[in-house]
Amino acid sequence: MKISIIGSGYVGLVTGVCLAEKGHSIICVDADHEKVANINQGVPPIYEQGLKELLKKNIHVNLRATADLRQAVIDTEVSLITVGTPFDGEQIDLAQIKEASHQIGEALRDKKSYHLVVVKSTIVPGTTDDVVVPILEKTTRKKAGYDFGVGMNPEFLREGVAVEDFMTPDRIVLGAIDPKSLDWMEKIYQGFENVDKVRTNNRTAEMIKYTANSLLATMISFSNEIANLSAAIGDIDVTEVMQGVHLDKRLSPIFENGKRIMPPIIEFLKAGCGFGGSCFPKDVKALIAHGKQVGKPMKILEAVIEVNQKQPRAIVSLIKKYFPDLKKIRIAVLGLAFKPGTDDMRESPAIPIVRNLSEQGAVIKAYDPVALNAAQKVLGNNNITYCRNLSQTIEDVDVVVLLTCWEEFQQIPKLFDNLKPQPLLVDGRRMLDKSSFSRYDGIGL
Ligand code: NAD
């Protein structure tokens, strides 16, 4: 199929590259000319494992980028909307969705043939039907369901493993206003065999995405609340608590041969310094705001956000237990991206932690295997030295604080052997074995 992707950020670019790899003919559209130029040169503007290789393979074969949205829509049969849907402090900000719908509608006004518009961005239930469809009908002066189709296809890829997630999805959710739109959407995903598909309406598709993210965010905040209580009671290690919980066979089923599987879901039942990223915080807040708007306050989700917002402070308090005055205390911060495998700094817990430590006069060395440049843009240089390798970062410091579970950090116990005296290790992710360190503290210990 000929597909235009409107918005070539994390989701748009990964979607475009992967659908090109599956044989579709793709035009990636973005308003940012620099992004467009980079994509056309085969340089992805973001770090994502495997993306560069697939982009290089498909660019100017099945894929090209442009800033000309109108022509891209006219030249294709389907347009996927993958623009940003940030939280504006009070509710979901639909400005990019409205603008993209408007521009697509204008392009479709003069187009004779049927066209399908699919929203892939995360939007609160009702947005496709009540916002996107009216804008498209007004600008095209045509009727949705007759002259053009409309669908909603939420994206579940995880940053860090986005290409793998897109190419081998665990589910494909297809919402639409009518069977024809649904059938066309099925054609986009023809190359994805043996994947469970949900065929539904737009509102349900939108709700599935929010429910999935809210459930995972809730599990994280729940674990952190248990961790903080464990630490306050004393003589309890939350990692042992959670291990005991994970062994419930409804969480980790035991097969007939006696073997137990530990499904990835238990990763969300672990204590840490909180969730971040471009999705969980904004999506949970958007659903809370939407609940209020329709007269259904979301009490559990309000608490999920409250617990999460406090969690970075737990890390600073842990350090202050050992160094009550942080002035001139030398701190190595390991991991700046909100999670491993990405350079995305959006809502990373490292941001409030580093800022707080720096405000209190700590002297910070920071390291992240891929997010250093992105972090420097957000955090600036005040009291922070950005280091290019792990061993250099942890030399001559009083505290090492670990904030992202990068695989590379498994080397820390070995590297600590060469440090005399050994700094305090504060494990914000409970990633390392506490018995490997002479001075160790962590969330929920
Ligand atoms: P992003 O900010 O990285 O990308 C959005 C892109 O859209 C930007 O490059 C911007 O320049 C472009 N854009 C905006 N308006 C445009 C217009 N009118 N014409 C052309 N280009 C335009 O955002 P993202 O992280 O890719 O997220 C996109 C959507 O997908 C959001 O709703 C998000 O919640 C959802 N989502 C994101 C992820 C993720 O892991 N990042 C996962 C699943 C779903």
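The values are calculated or read from the model by the stated rules, or taken from the named source; none is laboratory data. Quantities reported herein were computed from a predicted structural model and do not represent experimental measurements. Note: ideal-geometry Cβ built from the backbone for every residue, glycine included; neighbour counts use all protein chains shown. Only protein heavy atoms, including side chains, enter the accessible area calculation; ligands, DNA and RNA are left aside. Shrake-Rupley method; radii C 1.70, N 1.55, O 1.52, S 1.80 Å.
The table below lists the values:
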{"quantity": "Sparsely packed trypsin sites (Lys or Arg not before Pro) within the range 331-411, loop by DSSP, other Cβ within 10 Å at most 15", "calculated": "ARG388"}
{"quantity": "Most to least accessible of TYR386, TYR47 (protein chains only, probe 1.4 Å)", "calculated": "TYR47, TYR386"}
{"quantity": "Placed amide H near GLY145: partners under 5 Å, 5+ positions off or other chain", "calculated": "VAL150"}
{"quantity": "Cα-based reach from LYS339 at 19 Å (exclusive), listing aspartates and glutamates while leaving out same-chain residues under 8 positions away", "calculated": "GLU48, GLU155, GLU159, GLU164, ASP165, GLU267, ASP283, GLU347, ASP368, GLU407, GLU408, ASP427"}
{"quantity": "Amide H contacts of ALA362 (H built 1.01 Å from N, under 5 Å, at least 5 apart or other chain)", "calculated": "LYS328"}
{"quantity": "Distance between modelled label sites at ASP196 and LYS112, nm, 7 Å Cα→Cβ extension", "calculated": "4.5 nm"}
{"quantity": "Mean separation of Cα contacts under 8 Å, 6 or more apart, over the residue count of the range 2-200: relative contact order %", "calculated": "19 percent"}
{"quantity": "Backbone HN-Hα couplings from phi across the range 398-410 [Karplus 6.51/-1.76/1.60, Hz, Gly and Pro as x]", "calculated": "8, 9, 10, 10, 9, 10, 9, 7, 5, 3, 3, 6, 5"}
{"quantity": "ASP433 accessible area, 1.4 Å probe, all protein chains in place, Å² to nearest 10", "calculated": "90 Å²"}
{"quantity": "In order through the range 280-289: 3J(HN,Hα) via Karplus (6.51 cos²θ - 1.76 cosθ + 1.60), integer Hz, x for Gly, Pro", "calculated": "3, x, 6, 6, 5, 5, 5, 5, 4, 4"}
{"quantity": "Counting all C-alpha pairs of the chain, share separated by more than 39 Å (%)", "calculated": "27 percent"}
{"quantity": "Over 27 Å (Cα to Cα) - which of LYS120/LYS143; LYS285/LYS328; LYS52/LYS120; LYS111/LYS282; LYS57/LYS187; LYS2/LYS142 fall in this group", "calculated": "LYS285/LYS328; LYS111/LYS282"}
{"quantity": "Trypsin sites (Lys or Arg not before Pro) within the range 223-307, DSSP loop, no more than 15 other Cβ atoms inside 10 Å", "calculated": "LYS249, ARG250, LYS259"}
{"quantity": "Net +/- balance of residues flanking ARG109 in space, Cβ distance below 9 Å, scoring K and R +1, D and E -1", "calculated": "+1"}
{"quantity": "Rounded to 5, percent antiparallel among DSSP beta bridges of the range 2-200", "calculated": "10 percent"}
{"quantity": "J(HN,Hα) series, the range 79-86, from Karplus relation 6.51 cos²θ - 1.76 cosθ + 1.60, nearest Hz, glycine and proline x", "calculated": "10, 9, 9, 10, 7, x, 10, x"}
{"quantity": "Residue among LEU301, ILE3, PHE416 farthest towards the positive dipole end of the chain, charges placed on Cβ", "calculated": "LEU301"}
{"quantity": "Leading residue at positive end of dipole, the chain (Cβ point charges), from LEU157, LEU251, TYR114", "calculated": "TYR114"}
{"quantity": "Check: the range 328-432 dipole with +1 on Lys, Arg Cβ and -1 on Asp, Glu Cβ, in debye", "calculated": "140 debye"}
{"quantity": "Net charge over other residues, Cβ less than 11 angstrom from the Cβ of ASN383 (K, R count +1; D, E count -1)", "calculated": "+4"}
{"quantity": "Mean Cα-pair separation over length for the chain, i.e. relative contact order, pairs under 8 Å, 6 or more apart, %", "calculated": "12 percent"}
{"quantity": "Neighbourhood charge, 11 Å Cβ-Cβ cut-off, centred on LEU334 and excluding it, Lys, Arg +1 and Asp, Glu -1", "calculated": "-1"}
{"quantity": "Amide H contacts under 5 Å for HIS115, placed H, 5+ residues apart", "calculated": "GLY149"}
{"quantity": "Net dipole in debye of the chain [+1 Lys, Arg Cβ; -1 Asp, Glu Cβ; about Cα centre; nearest 20]", "calculated": "260 debye"}
{"quantity": "Percent antiparallel among DSSP beta bridges (both partners in the chain, rounded to 5)", "calculated": "10 percent"}
